[in-house]
1. Restricting to segment 94-105, name every residue that is in contact with an Asp or Glu (Cβ under 9 Å, 6 or more places away or on another chain) and open to solvent by 90 Å² or more (accessible area, probe 1.4 Å).
2. Pairs under 6 Å by beta carbon, first residue in the same structural domain as Arg153 (by TED's automatic domain parsing) in segment 95-117, partner open to solvent by 80 Å² or more (accessible area, probe 1.4 Å) and small (Gly, Ala, Ser), six or more apart or different chains?
3. Inspect all residues belonging to segment 91-110 and state whether any of them is modelled with pLDDT of 95 or more and within 16 Å of the ligand (Cβ to nearest atom).
4. Picking from Cys134, Cys78, which residue would you name as being within 16 Å of the ligand (Cβ to nearest atom), in contact (Cβ under 8 Å) with a residue 60 or more places away in the chain and either within 19 Å of Trp145 (Cβ to Cβ) or open to solvent by less than 80 Å² (accessible area, probe 1.4 Å) (or both)?
5. What tally of residues in segment 118-130 results from selecting those that are without any contact (Cβ under 8 Å) to a residue 40 or more places away in the chain and in contact with a Leu (Cβ under 9 Å, 6 or more places away or on another chain)?
6. Select from segment 49-75 the residues that are within 16 Å of the ligand (Cβ to nearest atom), without any contact (Cβ under 8 Å) to a residue 24 or more places away in the chain, hydrophobic (A, V, I, L, M, F, W, C) and not in a loop (DSSP other than H, G, I, E, B) and list them in ascending order.
7. Which of the following residues is open to solvent by 70 Å² or more (accessible area, probe 1.4 Å), more than 16 Å from the ligand (Cβ to nearest atom) and under 30 Å from Gly79 (Cα atoms): Lys144, Lys151?
8. Is it the case that Lys125 is of a type in the set (D, E, K, R), over 29 Å from Ala10 (Cβ atoms) and not in a strand (DSSP E or B)?
Amino acid sequence: MEGLSPEQQALKGKITTSAIVWGAVAGIGVALLALWLLGSAGELARWLVTIILGPAAGYFTYRWRYSTGVAKAVCKKCGTAFGIREVSRLEQLLSSEQRKKVEQVKPATKIDAAVNRTVIWIEEKYEVTAVDECFKCHDRTERKWTVTREKDRAEVTA
Ligand SMILES: [Zn+2]
């Protein structure tokens, strides 16, 4: 591969770091799961499986995340590796809805009356539009998705 520009290097570093984090989380998760599931197996078998499966899961997760990241960063137009970066992100409010939920709270003692707890909040739906641009040919592509957010959550006890 020809020399990478500082921008490409930075992007490569970011993909690598994120893949390492994913790998570490998966490795530790699988290791803990193996230790827990093999609770009744002998100590030796238990640790042996754990030290083999944990790092293996970590390694494969790392490889998978890294190659997905690298594939995503290749410009579809000019083929530049580590060429795609996000240049803008726009959020548009689609809807805003007042939501309400009433729960019965169990009385603390027998002589207390049961109370209702009302939780109110506002649920907002956003459409996010992100624009990716290639360093080299400046080809732009758009990605769209929606997110839901809660805000102004408040509790009313009556
Ligand atoms: Zn390009």
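The values are calculated or read from the model by the stated rules, or taken from the named source; none is laboratory data. These numbers come from a predicted model, not from an experiment. Quick reminder, even Gly has a Cβ in these numbers, built from the backbone with ideal geometry, and neighbours come from all protein chains shown. For the accessible areas, the whole protein counts, side chains as well, though only heavy atoms, and no ligand, DNA or RNA atoms are used. Shrake-Rupley method; radii C 1.70, N 1.55, O 1.52, S 1.80 Å.
1. Leu94, Glu97, Gln98
2. Asn116/Ala158
3. No: segment 91-110 contains no residue that is modelled with pLDDT of 95 or more and within 16 Å of the ligand (Cβ to nearest atom).
4. On inspection, the qualifying residue turns out to be Cys78.
5. 5
6. Ala71 - this is the single residue of segment 49-75 that is within 16 Å of the ligand (Cβ to nearest atom), without any contact (Cβ under 8 Å) to a residue 24 or more places away in the chain, hydrophobic (A, V, I, L, M, F, W, C) and not in a loop (DSSP other than H, G, I, E, B).
7. Lys144
8. Criteria not met by Lys125.
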